[in-house]
Structure formats: C-alpha cells, structure tokens
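Written out below as structure tokens is the structure these notes cover.
Laboratory data are not the source of any read-out in this text; all were calculated from the coordinates shown. Just so it is clear, the structure is predicted and the values come from calculations on it, not from any experiment. Cβ coordinates were reconstructed from backbone atoms using ideal geometry, including for glycine residues, and neighbour counts include every protein chain displayed.
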C-alpha cells in the first residue's frame, strides 16, 4: 500500500510487512492467540495434577452469578465484548468498494446457498467429531467437556445460541478470514496458511485435552481448504454455529440419557 494523503496534511504510514506482522500479533493477542496461551497453561496445569486427565472436567458455558438477573447481564456482556475483536478485523480489512468485507470472505450474494452448505459441513464434521471425543475419552487423552452448566431460566437457550454464534463468528472470521488475508499479504503459500490456522485452532482448544487438539486441527485443515477453494467464510460460520448450538442446547437432554458418555454418575 502507498501513503494516503489526509486533509490535515499528514500521511498514513504504509502497510509494510513489519506492520502486518505486528498487526497480526496484536489481533491474536486480543483474541484467539490469548486463548491459545491460556489453553497451553491450562493443559500443563491439568497434566501436572494427581487426577488423571480423563477424570477432569472443562465447562464451556458456566454460571457467572447466583442471582438470575446478574447472571444474564454478565453472560450478555461476555458475548458482546467477545465480539469486539471481530469488529476490529472488520475495521482493519474494510474495503471502500463493495462488497466491503470481501477480504474477510463475507458478502450477501448467496445467503441461502451459504446456509445450505454450512449445514452440510456441520453434518460432515459433527459426527466424526463426536467419535473423536469418545475415542479421546476412552484413551484418557480428553477431559469430560461440559458444554453448559447454566441454570434453567427463560433466557438460557437464547444465551446459549448467542454463545454458539459468537464462537462461530470469532473463530472463523479471525482464524480463517482475517488470518488468511494477512498471511497472503505476507506472501505465505496456501498450505502454510492452512496449517498455521489449523494449529492455532487446535491450540486454543487444548484445554479440553489432546483429543480436542487433534480434532480441531483436522477441522481447521478442512475449513481452511474449503475457504481456499471457495473464498467464502459464511458457510464455515454457519457450520461452526450449528455444531455449537446443537451441543450447547442438546447437552442437558443427552447427558441425562447417556450419563456414561459424559462422565456423569448414574
């Protein structure tokens, strides 16, 4: 990029390779990169405990206060502030020409096809993902993942759906849309970008155990390959949101029906 003139006579610094690298670090430091660091610390903590990994638990959606109204407020604030990095990458990659977010792989040209493709991807990924989780549990490589421990209020299901959407937006728009765009600016090869994105995805899920790491790396490779071929991130957001929504909302009934599957005493 060249220097851009400003009305006040000052100039905007060119987007050099060094600035791109620093920008990537800052974005990841405010979002998935920070989650990856915490996840590495978390798995180290788990592995150094006397309790085996298979007997430990990771709760994704936990209650934040004993009073219903404040629990709801905290949940909504967490979701809202969690989307700030998404707004940041949209701002950084905004284009004056339409579609404004084409560098993130977003446009509104075929919403129904994106929805159809996303749901198909969710089915393709969801069933093997469950099998990998069970295999990890059986091998003692994965903790018991509790998707939700929220009390049953009128707002529980809507909040869980919003949490699923937040995860889909944050992970796909940053780990795929943003990271692919900026690493292309650095002239990385397609497969180097795909593998880097996939390893990042696996690392920030490492707190759930090594089975989750392997599963999410595989998911990241698939999603990255699909994005490289299509240039569209909306189906990936739909797929990710659908998988999380099914797990978050369906967990209480499934856990009650299959307690051994989730490590719950009968």
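Assorted remarks:
- Meets criteria (surrounded by fewer than 17 Cβ atoms within 10 Å (Cβ to Cβ) and either free of Cβ contacts under 8 Å to residues at least 60 places away in the same chain or in a helix (DSSP H, G or I) (or both)) for residue 136: no
- Among the residues making up the range 63-76, those that are in a helix (DSSP H, G or I) and closer than 22 Å to residue 30 by Cβ are 74, 75, 76.
- Within the range 186-209, the set of residues being buried (at least 19 other Cβ atoms within 10 Å of the Cβ) and assigned to a helix (DSSP H, G or I) comprises 193, 194, 197, 198, 200, 201, 202, 203, 206, 207, 208.
- Within the range 85-112, the only residue that satisfies the criterion of being touching a residue at least 40 places away in the same chain (Cβ under 8 Å) and surrounded by fewer than 14 Cβ atoms within 10 Å (Cβ to Cβ) is 111.
- Annotation note: of 60, 79, 24, 43, the sole residue that is assigned to a helix (DSSP H, G or I), surrounded by 13 or more Cβ atoms within 10 Å (Cβ to Cβ) and touching a strand residue (DSSP E or B) at 6+ places or on another chain (Cβ under 9 Å) is 43.
- Per-region count, the range 61-82, residues farther than 22 Å from residue 168 by Cα and free of Cβ contacts under 8 Å to residues at least 24 places away in the same chain: 5
Table: residues versus (1) part of a helix (DSSP H, G or I); (2) crowded, with 19+ Cβ neighbours inside 10 Å.
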| residue | (1), (2) |
| --- | --- |
| 119 | yes, no |
| 124 | yes, no |
| 128 | yes, no |
| 145 | no, yes |
| 150 | no, yes |
| 160 | yes, yes |
| 164 | yes, yes |
| 172 | yes, yes |
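- The range 228-240: number of residues that are surrounded by 22 or more Cβ atoms within 10 Å (Cβ to Cβ) and part of a helix (DSSP H, G or I): 7
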